[in-house]
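Structure record follows, encoded as structure tokens.
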Amino acid sequence: MARAPQTLFDKVWQRHEVCAESAATPAVLYVDLHLIHEVTSPQAFAVLRGRGLRVRRPERTLATMDHSTPTTTAQVFGGAPIAIDAAARQVRELEENCARFGIELLGLKSAQRGIVHVIGPELGLTQPGMTIVCGDSHTSTHGALGALAFGIGTTEVGHVLATQCLLQRRPRTFAVNVSGALAPGVTAKDLILAIIGRLGVSGGTEHVIEYRGNTIAALGMEERMTVCNMSIEAGARAGMIAPDETTFAYLAGRPRAPAGDAWERSLAAWRELPSDPGARFDREVSIEATEVEPMITYGTNPGMVMPIGGHIPQRPGDPVFARALEYMGLNAGEPIKDQPVNVVFIGSCTNARLSDLRTAAALLRGRRIARGLTLLVVPGSQQVKRAAEAEGLDRVFLDAGAEWRESGCSMCLGMNGDVVGRGQYAISTSNRNFEGRQGPGARTLLASPLTAAASAVRGRVTDPRELA
Amino acid sequence: MEPFKTLTSRTVVLPATNIDTDQIIPARFLTTTTRAGLGAHLFADWRYDSAGAPRSDFVLNQAHAAGCRVLVAGRNFGCGSSREHAPWALLDYGFRAVISTEIADIFRNNSLKNGLLPVVIDEATSAWLLAHAGAEVTLDVVSSTLTLPAGTRVPFPLEPFARHCLVEGVDELGFLLGRLGDIEAFERARCGRG
Ligand code: SF4
């Protein structure tokens, strides 16, 4: 029987509809995997306690701590108290809530702890065709494996804890078709920054993006995560990539991935997921990957982005634009290359996986960072940290003059003690350059790990191709 | 939640576009484990200088802003982080509605769940409101209309179930708990499918 061709999104949505939407009510959507962390969960547990509710499916929720947790070894393992009292309280409260409600917690000292969007895929918990939510907007990362994954607020965290479901209106679909090979020195981070530059920071609002085309198919799994991670920076709640052999090879043998017969059954189901030929999207755009250059942001949102060799755009008569440049201390019409930088941060759920650290280390090997510059390298998870150390990457970073930390969100959001000083310039491999994101008055330039490493060596914004 | 049917208030205007939730409530204030008291930190880095003194040039520090319950902002308000602390802070400060030509998805959802009304309007109405700070407007939730001082009525989209929850003062959790039978049936059917 012929059925209408469906997109990847359509298939995942349909398979999780407990009740379809009507004019009066949204759909009741089933959640396969719920990830929680210390910052956006306490008030949700308070609601459960207040109403006398239990966690309905505790085995479908996994907790970790990453946002407000410190990254110095002394505070994580050395017995030193967590320096920020309120953060210490959040950590304690998550421990208590997990114990009381029967939720598995990868706690502060766990060898599997890490940034929530790094550990999901790494453990094999994130799987194609799943619905995954977390009280964090970068939940879109998990879409790289063909899951429908999106960020929710704390009230909704409570809904999922209590019912394993969410009320959702069906979003629209948006195909971003990318074709051609990325040039040497150009990374997945540059590609997604270029896409955001093209769509604008609200271009994806109310849509779920599917990244498609031969460029995407050629990306490794971790590169795909970098792309999907920043979907929210274009306003889209979710980004998805069709599962394929790259996905299956990545998942095979991971501790929480299906094994044996279950693996074979899962594989058969996963192969059905990619969008059918002729499936219709509500919107489509095409991006030529061969034209993408190393990208860097110059303003105070990720859409204010330019090729690293270009000039900062001029928008006379736009006071918001002028204010952003004033905050950044940069001038319209000038190049950004050679802008001095004080801090380089290699970390975050966008770019702190093993492949990112390898890329940065390859450039830093045998080099030193510029005098007076701080380079902070923060692995995305404790597993990434150990894998990097097994390859000697920590030595490369330390020999170059970097700090090598325990995993966590760290300087991505300036709430755990790792901050960029007022007025300082930071090149960050993270995803947000909002005013004050990395600390009050901090000036963030978003770029790839390669550009970050090259700029750390020179102490100024540097096109990594010059140091290749 | 209190039922929310109608609201008449003067407006406060923040013309910036793409005001993200890190501006609404910076991350360093998210170490709280309750919802209370976040209004003190609303727009903290715009409201206070580095020494913690109020900046006189920021609109919320000006006398005419006192008591205003409607915030008018530039395009794409509430983008970025999913932190529900953003609507909590706006509500705790005293706002009940936010008006813009675009409001980011997660912020809009979070707002509705807490009784903060997100109002998306057309460019022309927005341009008028941005140019007329302090205008007295009326928001009617039941008919989903904004009434300007001259009496012009501007409809705005409001998801029917969210409207129902606002008007009745009920929350979604009660509705979801009422669907537990369906949820269990879904789980059983799925198990059967393997
Ligand atoms: S690394 Fe940054 S963006 Fe990612 S989850 Fe942590 S705070 Fe959010």
Inset, instruction - Count the net charge of all other residues whose Cβ sits under 12 Å from the Cβ of B:R163, scoring Lys and Arg as +1 and Asp and Glu as -1. - result: -2
Inset, instruction - May I ask for the distance between the Cα centers of segment A:322-356 and segment B:161-183, given as a whole number of Å? - result: 44 Å
Inset, instruction - Apply the Karplus parameterisation 6.51 cos²θ - 1.76 cosθ + 1.60, with θ equal to phi minus 60°, to every residue of segment A:218-229 and state each ³J(HN,Hα) to the nearest whole Hz, in sequence, with x for glycine and proline. - result: 7, 6, x, 4, 5, 5, 5, 5, 4, 5, 5, 3
Legend entry - Alpha carbon Rg of segment A:144-293, scaled by the compact-globule rule 2.2 N^0.38 Å: 1.11
Inset, instruction - Over the alpha-carbon set of segment A:208-313, work out the extent along each principal axis and list the three values in angstrom, largest first. - result: 56, 33, 26
Legend entry - Signed unit charges on C-beta, dipole axis of chain A, positive-most listed residue A:W263, A:A238, A:L398: A:L398
Inset, instruction - Would you mind listing how long segment A:8-168 runs along its three principal axes, going by Cα atoms, in whole Å with the largest first? - result: 54, 36, 22
Inset, instruction - Using just the alpha carbons, could you tell me how many Å³ per residue the convex hull of segment B:24-109 encloses? - result: 103 Å³
Inset, instruction - Find, among the GluC sites (Glu not before Pro) in segment A:360-442, those assigned to loop by DSSP (not H, G, I, E, B) with at most 14 other beta-carbon atoms within 10 angstrom. - result: A:E391
Legend entry - Pairwise Cα inverse-distance average, inverted: Kirkwood Rh of segment A:396-447 (Å): 11.4 Å
Inset, instruction - Extending each Cα 7 Å along its Cβ direction at A:E326 and B:D57, get the distance between those two points in nm, one decimal. - result: 0.5 nm
Legend entry - Cα shape, segment A:71-117, gyration tensor, a/c 1.5 rule: oblate
Inset, instruction - Mind giving me the nanometre distance, one decimal, between the label points for A:A80 and B:D49, set 7 Å out from Cα along Cα→Cβ? - result: 3.4 nm
Inset, instruction - Apply the Karplus parameterisation 6.51 cos²θ - 1.76 cosθ + 1.60, with θ equal to phi minus 60°, to every residue of segment B:44-54 and state each ³J(HN,Hα) to the nearest whole Hz, in sequence, with x for glycine and proline. - result: 3, 7, 9, 7, 10, 7, 5, 8, x, 8, x
Inset, instruction - Pop the C-beta distance of A:R395 and A:S179 into the FRET formula with R0 = 56 Å and round what comes out to the nearest 0.05. - result: 0.90
Legend entry - Dipole-positive endmost among B:A66, B:F156, B:N110 within segment B:6-190 (Cβ charges, Cα centre): B:A66
Legend entry - Solvent-accessible heavy-atom area per residue, rounded to whole Å², over segment A:8-168 at 1.4 Å: 26 Å²
Inset, instruction - Compute the signed sum of charges (Lys and Arg +1, Asp and Glu -1) over the other residues within less than 10 Å, Cβ to Cβ, of A:A400. - result: +3
Inset, instruction - Under a cut-off of 29 Å between alpha-carbon atoms, report the lysines in cross-link reach of B:K113, not counting same-chain residues fewer than 8 places apart. - result: A:K11, B:K5
Inset, instruction - Tell me the label-point distance for the pair B:R188, B:A150, using the 7 Å Cα-to-Cβ offset, in nm and rounded to one decimal. - result: 6.2 nm
Legend entry - segment A:353-406: C-alpha pair distances exceeding 15 Å, %: 37 percent
Legend entry - J(HN,Hα) series, segment A:185-198, from Karplus relation 6.51 cos²θ - 1.76 cosθ + 1.60, nearest Hz, glycine and proline x: x, 10, 10, 4, 4, 5, 4, 5, 5, 5, 5, 5, x, 6
Inset, instruction - Can you tell me the alpha carbon radius of gyration of the protein assembly as shown divided by the globular rule-of-thumb value 2.2 N^0.38 Å? - result: 0.91
Inset, instruction - Take each of the peptides B:158-167, A:195-204, average the number of other beta-carbon atoms within 10 Å over its residues, and list them starting from the highest. - result: A:195-204, B:158-167
Inset, instruction - Give the shape of segment A:1-56 as rounded, prolate or oblate, defined through the alpha-carbon gyration tensor: a ≥ b ≥ c are the square roots of its eigenvalues, a/c under 1.5 means rounded, and otherwise the shape is prolate if a/b is larger than b/c and oblate if not. - result: prolate
Inset, instruction - Once you have all Cα-Cα distances for segment A:296-467, histogram them in 10 Å bins from zero and send the whole-percent values. - result: 11, 42, 34, 11, 2, 0
Legend entry - Share, in percent, of DSSP beta bridges within chain A that are antiparallel, nearest 5: 25 percent
Inset, instruction - Assuming R0 = 41 Å, can you tell me the calculated FRET efficiency for the pair A:D276 and B:E136, based on Cβ-Cβ distance, to the nearest 0.05? - result: 0.15
Legend entry - Qualifying trypsin sites (Lys or Arg not before Pro) in segment A:81-155, DSSP loop, other Cβ atoms within 10 Å at most 13: A:K109
Inset, instruction - Could you pull out every one of the aspartates and glutamates with an alpha carbon less than 17 Å from that of A:K337, ignoring same-chain neighbours closer than 8 positions? - result: A:D190, A:E293, A:D463, A:E466
Inset, instruction - Once you have a ≥ b ≥ c as the square roots of the Cα gyration tensor eigenvalues for segment A:263-345, tell me rounded if a/c is under 1.5, and otherwise prolate or oblate according to whether a/b is larger than b/c. - result: prolate
Legend entry - FRET efficiency, 1/(1 + (r/R0)^6) with R0 45 Å, evaluated for A:R365 and A:A252 via beta carbons: 0.90
Inset, instruction - Taking every pair of alpha-carbon atoms in segment A:193-238, give the share separated by more than 17 Å as a whole percent. - result: 29 percent
Legend entry - Cα coordinate range in segment A:297-366, projected on the principal axes (Å, largest first): 45, 25, 20
Inset, instruction - Could you order B:W88, A:W263, B:W128 by accessible surface area, starting with the largest, using a probe radius of 1.4 Å? - result: B:W128, A:W263, B:W88
Legend entry - trypsin sites (Lys or Arg not before Pro) restricted to segment B:11-112 and DSSP loop, no more than 15 other C-beta within 10 Å: B:R55
Inset, instruction - Can you tell me the dipole magnitude for the protein assembly as shown around its Cα centre, using point charges on the Cβ only (Lys, Arg +1; Asp, Glu -1), in Debye to the nearest 20? - result: 620 debye
Legend entry - Proximal charge balance of B:D45 [Cβ under 11 Å; K/R count +1, D/E count -1]: +2
Legend entry - Debye equation applied to the C-alpha atoms of chain B, log10 I(q)/I(0) at 0.18 Å⁻¹: -1.23
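The values are calculated or read from the model by the stated rules, or taken from the named source; none is laboratory data. Since this is a predicted model, take the numbers as computed values, not measurements. FYI the Cβ positions are ideal-geometry reconstructions off the backbone, even for glycines, and counts take in every protein chain you see. For accessibility, only protein heavy atoms count, side chains too; no ligands or nucleic acids. Shrake-Rupley method; radii C 1.70, N 1.55, O 1.52, S 1.80 Å.
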